[in-house]
Amino acid sequence: MEYDYDIRETFNNYLGKDMLFNLDNIINDYEMLRLATEFLRIARDRLNSDLKDNKIYEEYTKINVIIKELEEIIKNYV
């Protein structure tokens, strides 16, 4: 498994040391999926102001597809 240690360090700098590690060990799989989906919604919404740019619109659309797939997983989570 590959991790992005740079973003983990940035996240730790904003929210506290080992916050991603702590979340990974504290919350269950269902909550982690919900959290990841919410992060993607935030990322997608930040692109809203640049949708006239075709490349950004293309990426915005890809993120929407991923969000919808994750929402389906969450909805059917057992």
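We did not get these values from a lab; they are worked out from the coordinates using the rules stated. Worth saying up front: this structure is predicted, and the values here are computed from it rather than measured. With ideal geometry, Cβ positions are generated from the backbone for all residues, glycine too; neighbour counts draw on all protein chains shown.
What the table shows:
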item: Gyration tensor verdict on the range 14-78 (Cα atoms; rounded if a/c is under 1.5, prolate if a/b is larger than b/c, oblate otherwise); result: oblate
item: Restricting the chain to chymotrypsin sites (Phe, Trp or Tyr not before Pro) in coil, as DSSP defines it, with at most 16 other Cβ within 10 Å; result: Tyr3, Tyr77
